[in-house]
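> One structure coming up, written as structure tokens, with questions to follow.
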Amino acid sequence: MVGHPPPKDQPGFSDQPDWPGQPDWPGQPDWYEAGLQHLWFPYSQMKTAQPPLAIASTHGERLQLADGRSLIDGIASWWTAAHGYNHPHILAAIQKQLQAMPHVMFGGLMHEPAARLAARLAQHLPGDLDRVFFAESGSVSVEVAMKIALQYGINQGRRRHRFLFFRHGYHGDTLGTMAVCDPDEGMHRHFEGMLAQQIMGELPDDPARLTALDDLMSRHADDLAAVIIEPLVQGAGGMRFHRPETLKVVADLCKKHDILLILDEIFTGFGRTGTLFACQQAGIVPDIITLSKALTGGTLPLSAAIARRGIYDAFHSDDPDHALMHGPTYMAHALGCAAANASLDLFQSEDRLGQCAAISRQLADELEPCRHFPGVRDVRILGAIGVVELMRPPNIDKLRQAFIDRGLWIRPLGSVVYLTPALTISPADLSALTEGIRACLKDL
Ligand SMILES: Cc1ncc(COP(=O)(O)O)c(C=O)c1O
């Protein structure tokens, strides 16, 4: 058992944070060192990781550091800030909602921002995906989607309890979602044997794999509650792309074997791949779709699991046991819903998909030369995602610092150096990012 830490004035309390090499920048804010001793950062070995940068503010495509420097953001805060930071339309919507009501429980109460958002999402999504369950984070929306799939079976007297996911897939960091992430390459590999046993398949991108997946699904058809996949792009698992035809094959096999299909569009949703939702490129409608990230334009935490009418119908009954027993405290957060409505306004009033297409062309032109660098395995572009994959992982800290020295914020994922900028980024700022990548990777 982990004990309580000794109080500050007793021996054993270390004044020194674990981070080595305390940054000693002029203008470092007074809260920095004090906070560093108490914060636990994501995906970081706290003992050896580079100290984080102190951020004072954001604007457009820029991160303003507390020491006065400014960085062009190539990642848009894990792909959320589709319209750039501090978009006035979203800020105004949040401020207006804040005056009226920041949040209220969603059990037995409802409010206009959630009502409008649910109706608008149903209108924008393909097919009859029209029943929206709101949550606060991407992982939780995937948990909800999985729970809906399980209970869909239970409510019909079928106890199908397993999920099929794909190699290199990533669906979140909670226990249920960890079990449908790639167990070998993913970051959760030391939990092997401790999570629910799910089934991993290979993407059917050639005829042999199609047959193998067909066989796998046929063997497990009675057990499988759903197949879950990130459509067109496996993001955190290495920014790997597959063709719409491959996605269509997965959807067809689900139909053939009568297994539900969950599309996790948390990364791909809201224009990232060139269409509002990636599934539109394959012309398919999943049974359940999950959305988050750019849903609020990167301003507030909000997510949704959205089910087709036929799925919802299995819950709509006189039997109380058929109800979905789930209800995050902050679900349908009014500020988040107001931000998401404002973000949707921008997708309607400004040409984000046109901007995405222009980014795509520019990324292709400007990253393509990297293909000929020694140490580069692949260059690939899809929508507003640009990837340079290296033969082996670089010295990440050194590379990240080289980008920072050039005024750029780019965080490689292992051997994958990628850009997922705001869809509003200017051609000049995008060129600064691609030029920085070319310069820093040339001599690796
Ligand atoms: C495809 C996908 N699913 C789920 C998640 C988890 O979302 P969150 O970090 O909001 O829990 C992510 C996050 O990167 C993601 O890319």
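The values are calculated or read from the model by the stated rules, or taken from the named source; none is laboratory data. Everything numeric here is computed off the predicted structure, so don't read it as measured data. Neighbour counts are summed over all protein chains in view; Cβ atoms, including those assigned to glycine, are modelled from backbone coordinates with ideal geometry.
> May I ask you to list the residues in the range 76-123 that are within 16 Å of the ligand (Cβ to nearest atom), on the phi < 0 side of the Ramachandran plot and not β-branched (Val, Ile, Thr)?
Pass one, the range 76-123, residues within 16 Å of the ligand (Cβ to nearest atom): 76-82.
Still in the running and on the phi < 0 side of the Ramachandran plot: 80-82.
Result: Ala81, Ala82.
> Count, please, the residues in the range 296-349 that happen to be buried (at least 24 other Cβ atoms within 10 Å of the Cβ), within 16 Å of Pro102 (Cα to Cα) and polar (S, T, N, Q).
2
> Residue under question is Asp222, and the condition is that it be charged (D, E, K, R) and over 29 Å from Arg120 (Cβ atoms); does it hold?
Details: charged (D, E, K, R): yes; over 29 Å from Arg120 (Cβ atoms): yes.
Yes; evaluated as a whole, the condition is true for this residue.
> Further, regarding this structure: Scan the range 335-352 and tell me whether some residue there is in a loop (DSSP other than H, G, I, E, B) and more than 15 Å from Val132 (Cα to Cα).
Yes, that holds for at least one residue.
> Could you check how many residues of the range 425-441 are out of contact with any Leu (no Cβ under 9 Å at 6 or more places or on another chain) and part of a loop (DSSP other than H, G, I, E, B)?
Total meeting the criteria: 1.
> Determine whether Pro23 is at pLDDT below 50, surrounded by 14 or more Cβ atoms within 10 Å (Cβ to Cβ) and not assigned by TED's automatic domain parsing to the domain that holds Pro427. Give the steps one after another, and end with the answer.
Numbers: at pLDDT below 50: yes; surrounded by 14 or more Cβ atoms within 10 Å (Cβ to Cβ): yes; not assigned by TED's automatic domain parsing to the domain that holds Pro427: yes.
Here the answer is yes, as Pro23 does meet what is asked.
> Just to verify a result, which residue in the range 34-45, among those that are in a loop (DSSP other than H, G, I, E, B) and over 23 Å from the mean Cα position of the chain (by Cα), is modelled with the lowest pLDDT? Give the derivation first.
As a first pass, look at the range 34-45 and keep what is in a loop (DSSP other than H, G, I, E, B): 37-45.
With the extra rule that they be over 23 Å from the mean Cα position of the chain (by Cα), the set shrinks to 37-38.
Working: Gln37: 92, His38: 96.
Across the range 34-45, the extreme among qualifying residues is Gln37.
> Here are the criteria: (1) touching a residue at least 12 places away in the same chain (Cβ under 8 Å); (2) surrounded by fewer than 22 Cβ atoms within 10 Å (Cβ to Cβ); (3) over 24 Å from His168 (Cα atoms). Tell me which single one Asp365 does not satisfy.
Asp365 satisfies every listed condition except (1).
> I'd like the full set of residues that are of a type outside the set (D, E, K, R), in a loop (DSSP other than H, G, I, E, B) and closer than 22 Å to Gln50 by Cβ, limited to the range 388-420.
Pro393, Pro394, Asn395, Gly407, Ile410, Pro412, Gly414, Ser415, Thr420
> Taking the range 52-91 as the search range and keeping residues that are β-branched (Val, Ile, Thr) and out of contact with any Asp or Glu (no Cβ under 7 Å at 6 or more places or on another chain), which one is farthest from Ala338 (Cα to Cα)?
By that ranking, first place goes to Ile55.
Listed here are the residues, each with its yes/no results for (1) within 16 Å of the ligand (Cβ to nearest atom); (2) modelled with pLDDT under 95; (3) over 30 Å from Leu344 (Cβ atoms).
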{"residue": "Glu143", "(1), (2), (3)": "yes, no, no"}
{"residue": "Lys147", "(1), (2), (3)": "yes, no, no"}
{"residue": "Tyr152", "(1), (2), (3)": "no, no, no"}
{"residue": "His171", "(1), (2), (3)": "yes, no, no"}
{"residue": "His190", "(1), (2), (3)": "no, yes, yes"}
{"residue": "Leu210", "(1), (2), (3)": "no, no, yes"}
{"residue": "Leu216", "(1), (2), (3)": "no, no, yes"}
